[in-house]
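Taking it in order: structure first as structure tokens, then the write-up.
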Amino acid sequence: MNLRPLTSDARSRSFDARRKAWRGAALLEVAVAVPIVLVALGMFVQMFLMGSGLRGSGRDSWAASGAAQTLLEEMRNEDFGDICRLYNADPFDDPAGPGTSPGNRFAVPGLPPLEGMVGEIVLPITNSGTEVVPVWELREDVEQAALGMPRDLNGDILVDALDHSEDYTLLPVELRLRWRGVHGPREFSLYTVFAELR
Amino acid sequence: MRRVPRSRSPRSGLTLIELMLAVVLLAIVFAKAHEALTSASKSSGRETREMVLEDQARRVLRQIAYAVMGANRETLIPDTEAPLSTEDLRFQVNLGIQDGEVIWSDPEGVSLEETAAAVFWSQNPGAVDEQRVVWTKLVAPYLAGELPNGMDDNGNGLIDEKGLSFVVDRNSVKISLTLERVGDDGERTVNTVSTTVTCRNLPEPAK
């Protein structure tokens, strides 16, 4: 066996070779690896956040639909002929005196409004007066396709241009809710028709 | 023989200080990662428990709401109005009309059994042939935020309302339900749901 001692040059070459073999990651490799790891981490975190957001979003939707259904039941609990006057935008025609009725806006606990209040009650009502002196009328001839209007509201088989807030037998209603959700503005609408059974 | 100067080479390994630094850094990183994972796991477990409880509360509330919706307003017992409430509502359902007469169902009831923390529906409540179906357990003794002290603690206009409460307002009934569950880690999860329904059944045959 030849056990010749390594010369200084040979030792140096050997160290260089090993240093090259163990030199670790080059800057380029690190530069590629770090973004990949960051992207993977980001996706992982985003997945968690999305899951959490979806849960919050579902909870909001349930709160909105629950509030709308509860309000419909409260409206149903009123005398049929008073529903329009109780839930329109006009505070001067309230059955128990001006400003005593809930009006056409409502809040929903837990839902942040986009502006004003979260909920709005939409009836086939139009302002036949002016902006300063409004005259709110329940009309059969308003163009509100979502409410199925125009349509006969007092059962006389005619669609006219008169105010039917005193003699309606059908009352189409839309409950519209708008709020600031986890992923941006959200909207929920519920439609129904109240009818007086005779 | 010429002495080779001692210099750091790739074969020299890590110095003690480098090793200590690395160990400390790794320990910190592992501790933080463990903390984050534990926290995420707890949070996820809590959210899951909340969702399950909320789902159960909604389902039972809907069940109660449909039962009350089908009831006849005139048969509601007791006729409790705010600020009082009841946890035991009895009613009858108008099944139809025969020869001009209303056919009534057997009396039904939805009640809270405090000892079992359960809500149950019953047919012929209080009678010997009473039949019961438990709709849910985990009902809190009092509605969330309420204490048995003769005051309205949670600001809902009711005094000392139980975990299941009914309040009658003309033709409608406001139903509130609080479920609570204590997890394995001792954490208490509470969920309260509430709705209002109007009795649909007519008191008399339509003319």
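The values are calculated or read from the model by the stated rules, or taken from the named source; none is laboratory data. Worth saying up front: this structure is predicted, and the values here are computed from it rather than measured. Because the Cβ atoms are built from the backbone with ideal geometry, glycine has one as well, and the counts that use them run over all protein chains shown.
It is to be established whether one or more residues within segment B:168-186 are at pLDDT 90 or above, buried (at least 23 other Cβ atoms within 10 Å of the Cβ) and not in a strand (DSSP E or B).
no
Among residues belonging to segment A:75-89 that are surrounded by fewer than 19 Cβ atoms within 10 Å (Cβ to Cβ) and within 13 Å of chain B (Cβ to nearest Cβ), point out the one that is nearest to A:THR192 (Cα to Cα).
Initial filter on segment A:75-89 (surrounded by fewer than 19 Cβ atoms within 10 Å (Cβ to Cβ)): A:76-77, A:79-82, A:89.
Retained after the next criterion (residues that are within 13 Å of chain B (Cβ to nearest Cβ)): A:76-77, A:79-80, A:82.
Numbers: A:ARG76: 11, A:ASN77: 15, A:ASP79: 17, A:PHE80: 14, A:ASP82: 17 Å.
The residue in question is A:ARG76.
Is one or more of the residues making up segment B:74-82 away from chain A (no Cβ under 14 Å), touching a residue at least 24 places away in the same chain (Cβ under 8 Å) and not in a loop (DSSP other than H, G, I, E, B)?
yes
I need the full set of residues from segment B:146-158 which are under 20 Å from the mean Cα position of the chain (by Cα) and touching a residue at least 60 places away in the same chain (Cβ under 8 Å), in order please. Spell out the reasoning first.
First pass over segment B:146-158, keeping only residues under 20 Å from the mean Cα position of the chain (by Cα): B:146-148, B:153-156, B:158.
Selection gives B:LEU158 alone.
From A:GLY42, A:GLY81, A:GLY56, grab the single residue that is within 30 Å of B:ALA33 (Cβ to Cβ) and in contact (Cβ under 8 Å) with a residue 12 or more places away in the chain. Even if it seems obvious, please write down each step before you answer.
Values: A:GLY42 fails: in contact (Cβ under 8 Å) with a residue 12 or more places away in the chain; A:GLY81 fails: within 30 Å of B:ALA33 (Cβ to Cβ).
Result: A:GLY56 is the single residue among A:GLY42, A:GLY81, A:GLY56 that is within 30 Å of B:ALA33 (Cβ to Cβ) and in contact (Cβ under 8 Å) with a residue 12 or more places away in the chain.
Quick check, is A:LEU54 loosely packed, with under 11 Cβ neighbours inside 10 Å, of a type in the set (A, V, I, L, M) and either in contact with a Lys or Arg (Cβ under 7 Å, 6 or more places away or on another chain) or within 13 Å of chain B (Cβ to nearest Cβ) (or both)?
On the way: loosely packed, with under 11 Cβ neighbours inside 10 Å: no; of a type in the set (A, V, I, L, M): yes; either in contact with a Lys or Arg (Cβ under 7 Å, 6 or more places away or on another chain) or within 13 Å of chain B (Cβ to nearest Cβ) (or both): yes.
No, not satisfied.
Looking only at segment B:121-141, count how many residues are in a strand (DSSP E or B) and either surrounded by 18 or more Cβ atoms within 10 Å (Cβ to Cβ) or in contact (Cβ under 8 Å) with a residue 40 or more places away in the chain (or both). Spell out the reasoning first.
Keep residues of segment B:121-141 that are in a strand (DSSP E or B), which gives B:121-123, B:131-136, B:139.
Narrowing the set further to residues that are either surrounded by 18 or more Cβ atoms within 10 Å (Cβ to Cβ) or in contact (Cβ under 8 Å) with a residue 40 or more places away in the chain (or both) leaves B:121-122, B:135-136, B:139.
Counting residues in segment B:121-141 that are in a strand (DSSP E or B) and either surrounded by 18 or more Cβ atoms within 10 Å (Cβ to Cβ) or in contact (Cβ under 8 Å) with a residue 40 or more places away in the chain (or both) gives 5.
Would you say A:LEU158 is modelled with pLDDT under 95, at negative phi and surrounded by fewer than 16 Cβ atoms within 10 Å (Cβ to Cβ)?
Values: modelled with pLDDT under 95: yes; at negative phi: yes; surrounded by fewer than 16 Cβ atoms within 10 Å (Cβ to Cβ): yes.
Yes; evaluated as a whole, the condition is true for this residue.
I'd like the full set of residues that are over 24 Å from A:GLU74 (Cα atoms) and more than 13 Å from the chain's Cα centre (by Cα), limited to segment B:161-198.
Passing the criteria: B:GLY183, B:ASP184, B:ASP185, B:GLY186, B:GLU187.
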